[in-house]
Amino acid sequence: MESKELSAKYNPEAVEDKWYKTWMEKGYFHSTPDEREPYCIVIPPPNVTGVLHMGHMLNNTIQDVLVRRARMKGKNACWVPGTDHASIATEAKVVAKLKAEGINKLDLTREEFLKHAWEWKEKHGGIILEQLKKLGASCDWDRTCFTMDETLSKSVIHVFVDLYQKGYIYRGVRMVNWDPQAQTAVSDEEVIYHEVKGKLFYLNYKIDGEDGFITIATTRPETILGDTALCVNPNDPRYTHLKGKRVIVPLINRSIPIIYDEYVDMEFGTGALKVTPAHDVNDYMLGEKHNLETIDIFNDNGTLSQAAQLYVGMDRFDVRKQIIVDLEKAGNLAKIEDYENKVGYSERTNAVIEPKLSMQWFLRMKELAQPALDSVINGEIQLHPSKFVNTYRHWMENVKDWCLSRQLWWGHRIPAWYLPEGGYVVAHSETEALELGRKKTGNANLQLSDLRQDDDVLDTWFSSWLWPISVFNGIMEPDNADIKYYYPTNDLISAPEILFFWIARMIIAGYEYRGEKPFRNVYLTGIVRDQLHRKMSKQLGNSPDPLKLITKYGADGVRVGMLLCSPAGNDLLFDESLTEQGRNFSNKIWNAFRLVKGWNIDKNATQPESSKIAIEWFNSILNKAIEQSNDDFDKYRISEALMNLYKLFWDDFSSWYLEMIKPTYGQPIDTKTFEATLEFFEKILALLHPFMPFITEELWQHLRERGENESLMISRMPEAERIDEKLISTFEQVKEIIAGIRKVRQEKNIAQKNLLSAQLRSDRFKTGFEEVISKLAGLNSLTYVDDKVENAASFMVGTFEVYIPLEGLVDEEEERKKLQDELEYTKGFLANVMKKLGNEHFVKNAPANVVELEYKKQSDALAKIKAIEERLASL
């Protein structure tokens, strides 16, 4: 194909749509087991009703880079996409939709509500996966999964029953984190704590049968209605005389005992603590220890219940305001102080969490967690960056039992059935439940209608912790071809905030159900933040629409922009200028390609020496870049890998190589140089393809004639060949010479049209470099000399000098002043170095390499002073 088919300006939209459609039609993303080495990633399933945000963009770009690179390395790459049913978030959206239509969830049967939920899922679910296609995600879409698909749901139920039968799952009353808005329990990891400026209320509790009182301090005065004891430290002399006494709870006049426990901090508040076992974790433990009554004063929606006696049906925060007024009227309010404390909020609804005693299902974690802890500590599973190993260890060594039940309808219903005479059975199905129920009760006439299935659903994470296994149906069919080929998967890309929520639990499930790790490496991305270091969110309005960014800058531009500044585990400070930089890079590649393909070729032309040496040099540079890229990927330095390739193209290839070999304007290029340049371009496009799939495919197709089924995305990644380090090192000196001559031009205001001559006081360069220097520095002659040259500008490169005769080209007075200033500066610099070297303590105690560096600075400065003085003498 001819380059004239390429438009003058890169149009990302047309190119992206065309190639994504082609890749899909050709089935290039699809994978089935074969004899090749597998490479597998499972997508962290986004919420089914979610839309693409900046965190997804970063995470999925990294996954696509790894998958595309593995494919080009000859591996059988499989990236499994899918979505999560997200119980709390999805149910909240469906409830809000119904409310807008005038329908109350509580007026519906479970089946009616679930019909609405599935309709919502079918309408809104999967939008995010379509959006990922715009980014270029090369997922195997034929394998798309949903956590409530039939196979995955069967896997979840099977695992629950299995763990119950193994004795790991139990049912009991425990203190849970209650979200009054979603009206469900949430796990500890789903509670976000914020510092809140509140009040500390000091309340007087009258001593029963006496005139005195005890003062307590609380941030939640509404909970006094559930108080069942007052606790003091047995070592506190202020309260020893009250042993065996009782106090009266204000307003409701309940008489409660004074108990003694060393748990109470004598220094906090008044040293006396009100005990509300139903609404505080620590109070609950005190209640268990001292056998106290438990009074639950809250309804599930955060209003006060009949048990509170007062304010029944009022919201908890309205009661807080009202009860203070009433306590003051009753004479029980001692004082109010400003107080800052941590308050827990639901991650899903942002409602203030209410500790609440509740009958829930739990999973014992300590024993199950041990293999998952060991595998990360011993390095069988690698975390990148490794700083997260300590966080992981801390969590896993202090793991608590997992509250599995959620008081919702959308999700996997708990497979437990309650029997008419009490007790329950856990089963895979209704049929099995009835069979077990008949055995347990001894009643052969028991009917299914006599059983009642638990209304709760399982925590969403209880399905997603099986994801690397269940997407290949490895729970229900543990020996199927897919699970045996793709498991364990290779890399997992995720965010540190779900390291315990999801990643650790997947590792636990992997060892429990496959006896093996679920993945070999975990790459933890940073959080995408704005320039004020705030996490990007819809609430703050500081998150740009990713699709609009793609429209404006192209998918490749956005991918490059996000990756250039996102080293593993470090937060990405996003600025739109980054995506602009990405687009500019796309344009740079496009324009360089058009330049090269626009050259005329003369088959009879002889290859210039400058081109010959340029090809030798760039070949070594390219091979070194390939080696560096391999090393970067091996160490999961993905951002650095891109930056190194960015510099390779922008600096080495465009600024140096193309300048060295490009023909004089209007002149043809020789065939040898042109073919070598196309080969270099082809290799660079391959190296960049995982990062920039669209533009690289488009240009690769235009580079040479391609067959119908040829594509860059399924071609092989270039391998590193011989590297001539000496050649690379010599060319660094050549660059310095060219830069030095250009600087002389600039300083002396010498026009480009005026060709200069240069004389080198050095060893001879390899044939060809002289032509390169002459071409890029604008010289008409380059010679070697043994002695210094009079009446010439000069500069040092390493150990040799370069002279540029300037007779008739410069103002001598101006030149003299510049040299005098430079001489003074260098002498001052030398004086500082000599001061250091004259310090015996420094010379004796500083590391040898540091002292050696100072001696080098001394010798370099002396040589420079000598050269400047000689230049001054020559004027």
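The values are calculated or read from the model by the stated rules, or taken from the named source; none is laboratory data. If you're wondering where the values come from, they're calculated on a predicted model, not measured in any experiment. Every residue, glycine as well, gets a Cβ built from its backbone with ideal geometry; the counts of neighbours run over all protein chains shown. The protein model used for the area step is the full one, side chains on, heavy atoms only, and it has no ligands, DNA or RNA in it. Shrake-Rupley method; radii C 1.70, N 1.55, O 1.52, S 1.80 Å.
What's the magnitude of the charge dipole for the chain around its Cα centre, counting Lys and Arg as +1 and Asp and Glu as -1 at the beta-carbon? Answer in Debye, nearest 20.
It works out to roughly 480 debye.
With a 1.4 Å probe and all protein chains kept in place, how do Arg69, Arg559, Arg716 rank by accessible area, largest first?
Arg716, Arg69, Arg559
Counting only other residues whose beta carbon sits under 13 Å from that of Gln309, what net charge do I get with K and R as +1, D and E as -1?
-3
Have a look at Leu806, Phe842, Asn443 and report the one farthest towards the positive end of the charge dipole of the chain, computed about the Cα centre with Cβ charges (Lys/Arg +1, Asp/Glu -1).
Sorting the options by dipole projection puts first Leu806.
For the range 121-196 and the range 786-845, what is the centre-to-centre distance using only Cα atoms, to the nearest Å?
Answer, in whole Å: 69.
For Ser757, list long-range residues whose amide hydrogen, built 1.01 Å from N in the peptide plane, is under 5 Å from its own amide hydrogen.
Asn780
What are the equivalent ellipsoid semi-axes of the range 556-596, built from the alpha-carbon gyration tensor (square roots of five times its eigenvalues), in whole angstrom, biggest first?
Taking √(5λ) for each eigenvalue gives 25, 10, 5 Å, largest first.
Pick out, in residue order, every one of the chymotrypsin sites (Phe, Trp or Tyr not before Pro) in the range 661-699 that is DSSP loop and has at most 13 other C-beta atoms within 10 Å; say none if there are none.
Tyr665
Please name whichever of Val95, Leu58, Gln181 sits farthest to the positive end of the charge dipole of the range 57-204, dipole taken about the Cα centre and charges placed at Cβ: Lys and Arg +1, Asp and Glu -1.
About the Cα centre, the residue reaching furthest to the positive side is Leu58.
Return the tail of the calculated pair distribution for the range 152-271, meaning the percent of Cα-Cα pairs more than 22 Å apart.
The answer is 57 percent, as a whole percent.
Please state the Cα pair-distance histogram of the range 9-156 with 5 angstrom bins from zero: what percent is in each bin?
Using 5 Å bins, I get a P(r) of 2, 8, 15, 18, 16, 14, 10, 7, 5, 3, 1, 0 for the range 9-156.
Can you work out the FRET efficiency for the pair Glu580 and Arg764, with r the C-beta to C-beta distance and R0 = 45 Å, to the nearest 0.05?
With a Förster radius of 45 Å, E is 0.45.
Please list, or write none, the lysines whose alpha carbon is within less than 27 Å of the alpha carbon of Lys289, excluding same-chain residues fewer than 8 places away.
Leaving aside lysines fewer than 8 places away in the same chain, those within reach of Lys289 are Lys206, Lys243, Lys245, Lys274, Lys342, Lys356, Lys366, Lys400.
Could you please put Asp374, Asp107, Asp556 in sequence from largest to smallest accessible area, using a 1.4 Å probe?
Most to least solvent-accessible, the answer reads Asp107, Asp374, Asp556.
Just to compare against my own numbers: the Cα pair-distance distribution for the range 421-532, 10 Å bins, whole % per bin, please.
12, 30, 22, 21, 11, 3, 1
Using a 1.4 angstrom probe and counting only protein chains, how large is the accessible area of Glu710 in Å², to 10?
80 Å²
Nearest 10 degrees, 0 to 90: what angle lies between the long axis of helix 12-26 and the longest principal axis of the chain (Cα atoms)?
Once rounded, the angle reads 70 degrees.
Select from Tyr486, Trp502, Leu458 the residue farthest towards the positive end of the dipole of the range 390-518; place +1 on Cβ of Lys and Arg, -1 on Cβ of Asp and Glu, and compute about the Cα centre.
With unit charges placed on the Cβ atoms, the residue in question is Trp502.
Tell me, in nm to one decimal, what length is gained between Gln322 and Lys166 on full extension, where the rule is 0.36 nm per residue of separation less the Cα-Cα distance?
So the chain would gain 51.1 nm between Gln322 and Lys166.
Pairs Lys548/Lys624; Lys735/Lys866; Lys73/Lys121: which exceed 31 Å Cα-Cα?
Lys548/Lys624; Lys73/Lys121
Ignoring ligands, DNA and RNA, what accessible area per residue does the chain give at 1.4 Å, in Å²?
46 Å²
Counting only protein heavy atoms and a 1.4 Å probe, tell me what percentage of the chain's accessible area is made up of carbon and sulfur.
Heavy-atom surface of the chain belonging to carbon and sulfur, 1.4 Å probe: 49 percent.
What is the distance in Å between the Cα centres of the range 1-76 and the range 600-678?
27 Å
Show that you can apply the helix-only estimate: for the chain, add -39,500 (n - 2.57) for every DSSP H stretch of four or more residues, divide by all residues, and state [θ] at 222 nm to the nearest 500.
For the chain, the value works out to -13500 deg cm²/dmol.
Looking at the range 76-228, what % of its DSSP beta bridges pair antiparallel, to the nearest 5?
For the range 76-228, the DSSP antiparallel bridge percentage is about 80.
Across bins of 10 angstrom width beginning at 0, how are the C-alpha pair distances of the range 240-383 distributed, in whole percent?
8, 27, 34, 17, 9, 5, 0
Once you order the gyration tensor axes a ≥ b ≥ c over the Cα atoms, which shape class does the range 7-78 get: rounded for a/c under 1.5, otherwise prolate or oblate by comparing a/b with b/c?
Judged from the Cα gyration tensor, the range 7-78 comes out oblate (a/c at least 1.5, b/c at or above a/b).
Using Cα positions and a limit of under 16 Å, work out the aspartates and glutamates in reach of Lys753, with same-chain residues fewer than 8 apart set aside.
none
Mind checking which aspartates and glutamates have their Cα closer than 13 Å to the Cα of Lys115? Skip sequence neighbours fewer than 8 apart in that chain.
The qualifying aspartates and glutamates are Glu91.
Take every Cα pair under 8 Å in the chain that's 6+ residues apart, average their separations, divide by the length, and report that relative contact order as a whole percent.
Computed value for the chain: 13 percent relative contact order.
The range 494-536: D in µm²/s via Stokes-Einstein (Kirkwood Rh, Cα pairs, 10 °C, 1.306 mPa s)?
133 µm²/s
How much of the DSSP bridge set in the range 720-825 is antiparallel, in percent, rounded to the nearest 5?
So the antiparallel bridges amount to about 65 percent of the total.
So how tilted is helix 54-72 from the main axis of the chain? Cα-based, degrees 0 to 90, rounded to 10.
60 degrees
Hey, got the dipole for the range 48-94? About the Cα centre, +1 on K and R Cβ, -1 on D and E Cβ, debye to the nearest 20?
420 debye
What does the charge count near Asp454 come to, summing +1 for each Lys or Arg and -1 for each Asp or Glu among other residues with Cβ under 13 Å from its Cβ?
+2
Once you list every other residue whose beta carbon is under 13 Å from the beta carbon of Met175, what net charge do they have if Lys and Arg are +1 and Asp and Glu are -1?
For residues surrounding Met175, the net value is -4.
From the Cα gyration tensor of the range 659-745, with a ≥ b ≥ c the square roots of its eigenvalues, which class applies: rounded if a/c is under 1.5, or else prolate if a/b is larger than b/c, or else oblate?
Note, shape of the range 659-745 comes out prolate.
Between Glu705 and Lys484, what length comes free when the chain is fully extended (0.36 nm per residue of separation minus the Cα-Cα distance, one decimal in nm)?
This chain segment gains 75.5 nm when fully extended.
Give me the distance between the Cα centres of the range 401-472 and the range 342-366, rounded to whole Å.
So the two Cα centres are separated by 22 Å.
If Met834, Met643, Met660, Met285 are ordered by their accessible area, calculated over protein heavy atoms with a 1.4 Å probe, which sequence runs from highest to lowest?
Met285, Met834, Met643, Met660
What fraction, in whole percent, of alpha-carbon pairs in the range 338-418 exceed 15 Å separation?
73 percent
Run the quick spin-label model on Leu872 and Glu616: label points 7 Å from Cα toward the beta carbon, then report their separation in nm to one decimal.
Label at Leu872, label at Glu616, 4.2 nm between them.
Mind putting a number on the dipole of the range 735-862 about its Cα centre? Charges go on the C-beta only, +1 for Lys and Arg and -1 for Asp and Glu, and I need it in Debye to the nearest 20.
480 debye
Please report the accessible area of Cys40 (heavy atoms, 1.4 Å probe, ligands and nucleic acids excluded) in Å², nearest 10.
Answer for Cys40: close to 0 Å² accessible.
Considering only the chain, what is the antiparallel percent among its DSSP beta bridges, to the nearest 5?
70 percent
On the principal axes of its Cα set, how long, how wide and how thick is the range 686-825? Give whole Å, largest value first.
Computed over the Cα atoms, the extents are 68, 32, 29 Å.
Which semi-axes, in whole Å and largest first, does the equivalent ellipsoid of the chain have when worked out from the alpha carbon gyration tensor as the square roots of 5 times its eigenvalues?
Equivalent ellipsoid semi-axes, largest first: 69, 39, 23 Å.
Helix 609-634 against the longest principal axis of the chain: what's the angle in degrees, Cα atoms only, rounded to the nearest 10?
20 degrees
Tell me the label-point distance for the pair Arg534, Glu397, using the 7 Å Cα-to-Cβ offset, in nm and rounded to one decimal.
3.8 nm
Quote to one decimal, in nm, the extra length available between Lys97 and Ser429 on full extension: 0.36 nm per residue of separation minus the C-alpha distance between them.
Contour length minus Cα-Cα distance gives 116.3 nm.
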